Structure formats: structure tokens, C-alpha cells
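First comes the structure, then the notes that go with it.
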Amino acid sequence: MDGDPVIPLSLARIAQVTGGQLAHGDPEAVVSGDVVIDSRRAAPGGLFAAVAGSRSDGHDFAAAAVAAGAVAVLATKPVPVPSVLVADVPAALAALARSVVDALPEARIAGITGSSGKTSTKDLAAQLVERLGPTIAPAGSFNNEFGHPLTVLRADASTRYLVLELSARGLGHIAYLCRVAPPRYGVVLNVGHAHAGEFGGLDQVARAKGELPEALPADGVAILNADDPRVLAMAGRTAAQVVTFSCAPEPVRGAAARVADIRAADIRLDELGRPGFTLLTPEGSAPVTLRLHGAHNVPNALAAAALARELGLDLDGIADGLRAATARSRWRMEVHQRGDGVTVINDAYNANPESVRAALDALAHLTQGGAGHGGRAFAVLGHMAELGDTARASHEDVGEYAARLGSPGLAGLIAVGEEARPLLDGARRVSWWTGEALAVPDGATALEELANRLKPSDVVLVKASRAAHLEGVAAALLGEAGQ
Ligand SMILES: Nc1ncnc2c1ncn2[C@@H]1O[C@H](COP(=O)(O)OP(=O)(O)O)[C@@H](O)[C@H]1O
Ligand SMILES: [Mg+2]
């Protein structure tokens, strides 16, 4: 993240671009380091943007940020250090980011959106595109009105590619991010239930995600998942050329359907749930095995491949890059084996109905058939947040899905917290399921219950929405310090 300095901006220029007022500062002082919103990350030459959060107000840390070397503070109220006073910090960051993009006309910008898999795909795509030249991609999920411009602001004169993650919690959000850094390449992965409550249903989610293809220029490329009808329909909402990817090697929707441009054939999973497949492209095919876990990473890999191909990476580079790519962002389908032979799948970063199903599939694979572990499967699930009116029904459906996992089936389903309880109601709908259904109030109790049950070769999945903080359960299961 440190890298070369960003494009140097004088305080006078920052005030001009943001429409702000310079206070206590030398207009000629130059910001040449990272722009941050966490004062603990303020470093010499940088700019600290003060944001008022629910727990603390960044303005209280303005002096500390400057003491740590920040040249100035972007603020919405007076602070006793060099600052640029603006009406709205996200808008100011957006304006600054846009000025950097405008100063880098050679840099090619790609945006990635979808309900699930944005970060995984962004990390895969970045590892491919880096083979072509200097690439800026966000760390983790820097994908909203703060993280997105902060990522763009890391670009410098050497940057050739920006691979950005675009998130939406409502209509207009992606269109906004596309104005901050107009992408020429846009990837849409899927339309699912993440944040569906806030949107008001899947069609609204599709409307929102479709703002990315809509924002693309005529000489751009929209990369669409042909296996998701709501995504494929976005072909009608873009002026850009359309490139499709699919996990089905043949056309799936009748004889009239065209075969997707980038496909996977012969998909299989190894004993740790890592997918292997044959990558099919117009230039030929190549065998690929991923270091990532879970079949859901196949579409993510295809999307990354399609993007890298459009940017000029050849088939060998794509296949090599996919084989070499590692998980860069934590708590997404991490599979670890303990000394005693218990396997822990830490997928605690986030959860929505589609991603919990994907994780349950991976759990089933690790305990079944080909994998040959012969162990039992336990799922420790917290609630899925932000589902709105459908929350109860969605939890019941996911619980039922868990109970229906094929032979030998789930040995135990532990629902953590009150909001996760409907998972158990759903599981109980499956009359033939013989596993144990357990409601516990918190992660500590989940750990106690597991400790009484786990035997070598068992596999435990830990997954929930961020708000449930189950990553501590996974860490404790693995005996890691610092939950
Ligand atoms: N293509 C996909 N389809 C369904 N679920 C997925 C997909 N990719 C990832 N997931 C699931 O979603 C979780 C979050 O993945 P992530 O890449 O962080 O997505 P996002 O950035 O969209 O939140 C993963 O741990 C995995 O369980
Ligand atoms: Mg993300």
C-alpha cells in the first residue's frame, strides 16, 4: 500500500478541486503520500480526511494525524492544524479522486460488482492484471464512497490499471462511483440477496448493479455472467461491447443461446475443495487449478480471466496467473487443518443466502465422497444481516438447505444469536435429517459446544454476516491469538 507517492497535490490545488477553504496552511505545501481516513495510518506527506463516525469523530484526531506527518487535514469544521475545510468529506474525496483519474488518461479502469464475490474476483483479477503493468486495486473491500476514492487516490503517474470493487446499498451508488472513476471495463458477477432488504427485492438489486454496464462507454467492454439471467439481461443496458462468461461449457438456454466467450469445462474439486477446470477461450483452452477454495470461485476466476484477456493478457498468462493466485483478503473460505486433524473453514467475513449455500456446498464436499476425509460436518452459522422483510424466510430456507446436504449430511448446525434461530426452524422442516440443531447465544458458547463434540477429521464451517463477528470463533478454533 505504501508504494510510490501519489500524484502530488498542493493544498491550494486541493482547496480548488474540492471547493474548500484553506486554513492554517501553506498553500504551496504538497501532499505526496497516501490519503487516509484512519488517523493511525497517517504518514509523512499524507492527507488525513476527518470523518465523523458513530463511535468517534475524526476531527478529534486531526492534531495527532499532523503530528504523525500528515501535511494537512480535510475537515468539515475548524481544526487547529493545517486544513482544507469542505462541506462534505466523501464529496471532496470524490473530487480529488476524479482529478487524479483525469490526470492519468492512459490508465485503464475496470469496475467489478455483484452481490457476492466482488473482493475474491477483484483479488484474482488484480493478480492477473499485475502481469501487464503497474496496477492499483483496493485492499480488502474498499468499495464504497470512502474506500473507492481512497483507492483511486493511490494511483500515480506509473499506474496503468485500476481494478476497482464497486458496492451498492441502493440505487445510484454504483453510478456515483462510476463518475468518480469512470470505468471502461465493467464486470457483473451475479444478482443475489446481499442487501436485498435495503434495495427492496432482486429486481431492484439488478437495477442497481446494472448501473455499471450503463456507465460504460461505447469503446468499453461489459463482462457479464451468462449463467445469471438478471446479469445477462444487462447486455441490453450498455453501449459497450458485451463479453460473457459461464460455468456451462455448452449453451444453457436452448439452441438459440450463444455459447459464452469464456467458459469452464470439467469442473472438479480436490480434497480441500479447491476447484480445477479447463478454461475455454476463443484463443484456446488451458487446464487450471485454483489455490482458492469452493466451486463459487470458478465463476470468479472466469470473470477475472475475461477482464485480463480484454486488457491484453494472453492465455498462458491468464492460466499461469490463475494457478498462482492466492487469497489476498482474509476470512473468505480459508481452509485450515488443526494439529488434531479437525479442519476449519473460516468464511466469517460476510454472509448472504447465496454465499452461505456456497460455503455449505464446500463443507459438504470436504466431508463427502471424493474428498475422503470421512469426518463429520458441523456448521456454526450466525445471522445474515440486511435482508429486510425476507430475513426470517431466508434464514429458514438456508437452514433447510443445510439440513438437506447430501450423505452423510450435517452432523450439527449451531445457530449463534437470536437472529440466527430461524435457521434451525428451516432445518427441522427436513424430517429425515438426523443431525443436531443447537441454538447458542454467542460465539463463546458455540466454542464450548463444539469442544464437546469435535473429533479428528471433522470439518467445521464458520460463517455469518460481519456484524456477528464470528471470525473470533474461527480464530479460537484454530488456537490463534487476537480474536
Ligand atoms: N461467485 C460467488 N457466488 C456465490 N458466493 C460467493 C461467490 N464468490 C464468493 N462467494 C461467497 O461470498 C463470500 C464473500 O466473498 P467476497 O469475495 O468477499 O464477496 P463480496 O466482496 O461481494 O462481499 C465468500 O466467502 C464466499 O462464501
Ligand atoms: Mg467485498
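For segment 109-247, which whole percent of the accessible surface, found with a 1.4 angstrom probe, sits on carbon and sulfur atoms?
Summing carbon and sulfur atoms, their accessible area is 51 percent of the total for segment 109-247.
Considering the dipole of the chain built from charges on the beta carbon (Lys and Arg +1, Asp and Glu -1) around the Cα centre, which of Pro249, Ala95, Val81 is farthest to its positive end?
Pro249
To check my understanding: the extent here is largest minus smallest coordinate of the Cα atoms along each principal axis. What are those three numbers for segment 1-70, in Å, largest first?
33, 29, 19
Give the Cα extents of segment 308-406 along the principal axes, in whole Å, largest first.
46, 40, 23
When the scattering of segment 160-237 is computed by the Debye formula from its Cα atoms alone, each counted once and equally, what is log10 I(q)/I(0) at q = 0.16, 0.17, 0.21, 0.24 Å⁻¹?
Listed by q, the Debye log ratios stand at -0.53, -0.60, -0.91, -1.16.
Please list the three semi-axes, largest first and in whole Å, of the ellipsoid equivalent to segment 1-147, using sqrt of 5 times the eigenvalues of its alpha carbon gyration tensor.
After diagonalising the Cα gyration tensor, the semi-axes are 28, 17, 14 Å.
I'd like the per residue volume of the convex hull spanned by the Cα atoms of the chain, given in cubic angstrom.
Details: hull volume 71.8 nm³, N = 483.
Per-residue hull volume (Cα only) is 149 Å³.
Using only alpha carbon positions, build the gyration tensor of segment 152-308, then give the equivalent ellipsoid semi-axes as the square roots of 5 times its eigenvalues, largest first, whole angstrom.
Details: eigenvalues 133, 74, 58 Å².
So the equivalent ellipsoid measures 26, 19, 17 Å along its semi-axes.
Report, in debye and to the nearest 20, how large the dipole of the chain comes out about its Cα centre when Lys and Arg carry +1 and Asp and Glu carry -1 on their Cβ. Can you show the working numbers first?
On the way: 42 positive and 53 negative charges, 78 e Å.
Computed charge dipole of the chain: roughly 380 debye.
Would you check the accessible area of Leu387, probe 1.4 Å, heavy atoms only, in square angstrom rounded to 10?
The value for Leu387 is about 0 Å².
Per Stokes-Einstein, at 25 °C and 0.890 mPa s, what whole-number D in µm² s⁻¹ belongs to segment 88-177, with the Kirkwood radius over Cα pairs as the hydrodynamic radius?
My calculation gives 187 µm²/s for D.
Restricting attention to segment 433-483, which trypsin sites (Lys or Arg not before Pro) occupy a DSSP loop and are surrounded by at most 16 other Cβ atoms within 10 Å?
Passing both the DSSP loop test and the Cβ count: Arg453.
Grab every C-alpha pair in segment 74-228, bin the distances at 10 angstrom width from 0 up to the longest one, and report whole percents.
Bin by bin from 0 Å, the calculated values are 12, 40, 33, 13, 3, 0.
Might you report the magnitude of the Cβ-based charge dipole of segment 1-104 about its Cα centre, with Lys and Arg at +1 and Asp and Glu at -1, to the nearest 20 debye?
Details: 6 positive and 10 negative charges, 40 e Å.
I would put it at about 180 debye.
Work out the charge dipole of the chain with +1 on the Cβ of Lys and Arg and -1 on the Cβ of Asp and Glu about the Cα centre, then indicate which of Pro182, Ala475, Ala206 is farthest towards its positive end.
The residue sitting farthest along the positive end of the dipole is Ala206.
Taking amide H positions as placed 1.01 Å from N in the peptide plane, with prolines and chain starts having none, which residues 5 or more places from Thr244, or on another chain, fall under 5 Å of its amide H?
Placed amide hydrogens put Leu224, Asp261, Ile262 under 5 Å from Thr244.
How high is the relative contact order of segment 85-162, given as a whole-number percent (alpha carbon pairs under 8 Å, six or more residues apart)?
42 percent
Based on alpha-carbon atoms only, what is the radius of gyration of segment 219-330 relative to the globular estimate 2.2 N^0.38 Å?
Dividing the Cα radius of gyration by 2.2 N^0.38 Å gives 1.05.
How much of the accessible area of segment 53-108, in percent, comes from carbon and sulfur atoms when a 1.4 Å probe is used?
Working: 1390 of 2520 Å².
Answer for segment 53-108 is 55 percent, counting heavy atoms of protein chains only.
Quick one: accessible area per residue over the chain, 1.4 Å probe, rounded to a whole number of Å²?
40 Å²
Using alpha-carbon positions, what is the distance between the centroids of segment 212-246 and segment 151-197, in Å?
15 Å
Which of the trypsin sites (Lys or Arg not before Pro) found in segment 209-300 are loop residues per DSSP with 15 or fewer other Cβ atoms within 10 Å of their Cβ?
Loop-located and lightly packed - Arg253, Arg258, Arg291.
Helix-only mean residue ellipticity at 222 nm, the chain, DSSP H runs n ≥ 4 weighted -39,500 (n - 2.57), per residue, nearest 500. What is it?
After summing the helix terms and dividing by the residues of the chain, the value is -8500 deg cm²/dmol.
Can you give the Rg to Rh ratio for segment 335-390, taking only C-alpha atoms and Rh from Kirkwood?
Working: Rg = 13.1 Å, Rh = 12.7 Å.
Reported Rg/Rh, Kirkwood definition of Rh: 1.04.
Can you tell me the mean projection area, over all orientations, of the convex hull of segment 347-482's alpha carbons? Units nm², please.
For the Cα atoms of segment 347-482, the hull's average projected area reads 7.5 nm².
In whole angstrom, note down how far apart the Cα centers of segment 416-480 and segment 304-341 are.
The distance from the Cα centre of segment 416-480 to that of segment 304-341 comes to 28 Å.
Taking the DSSP beta bridges in segment 30-135 as the whole, what percent of them are antiparallel, to the nearest 5?
Details: 1 of 9 bridges.
In segment 30-135, approximately 10 percent of DSSP beta bridges are antiparallel ones.
Could you tell me what a quarter of the Cα convex hull surface of segment 285-351 works out to, in nm² with one decimal place? Working shown, then result.
Details: hull surface 22.5 nm².
Mean shadow area of the hull around the Cα atoms is 5.6 nm².
Checking the table Lys209/Lys463; Lys118/Lys455; Lys122/Lys463 against a 28 Å threshold on Cα-Cα, which pairs fail?
Working: Lys209/Lys463 25 Å; Lys118/Lys455 35 Å; Lys122/Lys463 21 Å.
In this structure, Lys118/Lys455 exceed 28 Å between Cα atoms.
Rank Pro138, Ser10, Pro217 by how far each Cα sits towards the positive end of the charge dipole of the chain (+1 on Lys, Arg Cβ; -1 on Asp, Glu Cβ) and give me just the farthest.
Checking the options against the dipole of the chain, the answer is Pro217.
Expressed as a whole percentage, what fraction of the accessible surface of segment 366-483 belongs to carbon and sulfur atoms when a 1.4 Å probe is rolled over the protein heavy atoms?
Working: 2450 of 5060 Å².
In segment 366-483, the share of accessible area belonging to carbon and sulfur is 48 percent.
Need one value: the accessible area of Ser158 in square angstrom, 1.4 angstrom probe, rounded to the nearest 10.
50 Å²
The values are calculated or read from the model by the stated rules, or taken from the named source; none is laboratory data. The model shown is predicted, which means the values in this text are computed figures rather than measured ones. No Cβ is skipped: glycine too gets one built from the backbone with ideal geometry, and neighbour counts run over all protein chains shown. Just so you know, the surface numbers come from the protein's heavy atoms only, side chains and all, with ligands and any DNA or RNA stripped out. Shrake-Rupley method; radii C 1.70, N 1.55, O 1.52, S 1.80 Å.
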